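A short worksheet on the structure shown next.
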Amino acid sequence: MSNPSLYNDLNIREGAPLSEIKAAFRKMAKTCHPDSAGPGREDVEKFIKAQTAYKKLLATAVAKNRARRKGAQEREAQPYLWEGRREEGLDIFYSLSVLRPEAGEGRRLVLPAKTWEACPRCLGEGRTLTRIGLGGLHRPTLCPKCEGRGSIDHPTKLAVNIAADQVGRGRIRLRRAGLYHALSGRRGDLILELAWVDRLTKTH
Ligand SMILES: [Zn+2]
């Protein structure tokens with residue numbers, strides 16, 4: 001999104017909102033449009049640049065709005081409320097209040113989650129060599145990128161289908177969906193702690 005030169009071409013500050021982008025382009029069009037009275041060659045070039053910038057910024061803003069709306073819809077449609085999250089070792093615990101489905105039906109939850117990969121900086125070792133002094137001595141230090149874990153994460157979504165006969169269960173364990181320790185290759189579990197409710201309202 002952030003492309004300073006596009007904003008520059010429109011003479012506005014970086015990250016200006018859509019309303020300002022539109023206003024700036026209108027202003028520019030008035031003074032520099034090739035059809036307006038006697039624009040110089042410089043003006044025409046300026047206008048063409050501004051037009052290109054305007055189109056790009058507009059397209060980005062539209063795409064962003066669409067993504068935001070979609071995200072809001074997804075959140076709205078989710079049949080659960082967050083109650084908390086904690087970690088124990090490599091296991092992650094999500095506490096959720098889940099809307100009880102109609103009898104005989106299951107529930108599908110789309111949860112925020114993370115995918116893990118070996119840290120590209122230390123290649124999963126968790127440590128990097130730091131040079132000390134001038135003698136070419138290296139000392140292993142905790143990898144600053146992964147903080148010694150050996151793995152880094154990316155946000156993703158995890159869809160969990162709770163079958164009709166699992167509805168009402170207080171705990172559902174998803175094997176190997178927890179934290180990842182690249183050095184040992186161990187993966188924790190994701191444990192859902194579920195409170196089944198008939199209405200989704202925050203109780204605290
Ligand atoms: Zn690392």
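Taking amide H atoms as placed 1.01 Å from N in the peptide plane, the amide H of Leu111 lies under 5 Å from those of Leu158, Ala159, Val160, each 5 or more residues away in sequence or on another chain.
With semi-axes defined as the square roots of five times the eigenvalues of the C-alpha gyration tensor, the equivalent ellipsoid of the chain measures 48, 33, 11 Å, largest first.
By the helix-only formula, in which each DSSP H run with n ≥ 4 contributes -39500 (n - 2.57) and the sum is divided by residues, the chain has a 222 nm mean residue ellipticity of -9500 deg cm²/dmol. Extension gain, Arg66 to Ser184: 0.36 nm times the residue separation minus the Cα-Cα distance gives 38.3 nm. Roughly speaking, what is the centre-to-centre gap between region 10-54 and region 105-127 when only Cα atoms are used, to the nearest Å? Using only Cα atoms to place each centre, the spacing works out to 45 Å.
Extending 7 Å from Cα along the Cβ direction at Leu81 and again at Asp35 yields two label points whose distance is 5.6 nm. Name the residues whose placed amide hydrogens come within less than 5 Å of the amide hydrogen of Gly178, ignoring near sequence neighbours (fewer than 5 apart) on the same chain. Amide H neighbours of Gly178: Gly188, Asp189, Leu190.
Full extension of the chain segment joining Lys56 with Val44 gains 2.5 nm, where the gain is 0.36 nm per residue of separation less the Cα-Cα distance.
For the chain, the cysteines with no partner cysteine C-beta closer than 4.7 Å are Cys32.
Quick note: the coordinates plus some simple rules give every number you see, no bench work behind them. This structure is a prediction, so every number in the text was calculated from the model and none was measured. Note that we place each Cβ from the backbone using ideal geometry, even for glycine, and neighbour counts take in every protein chain shown.
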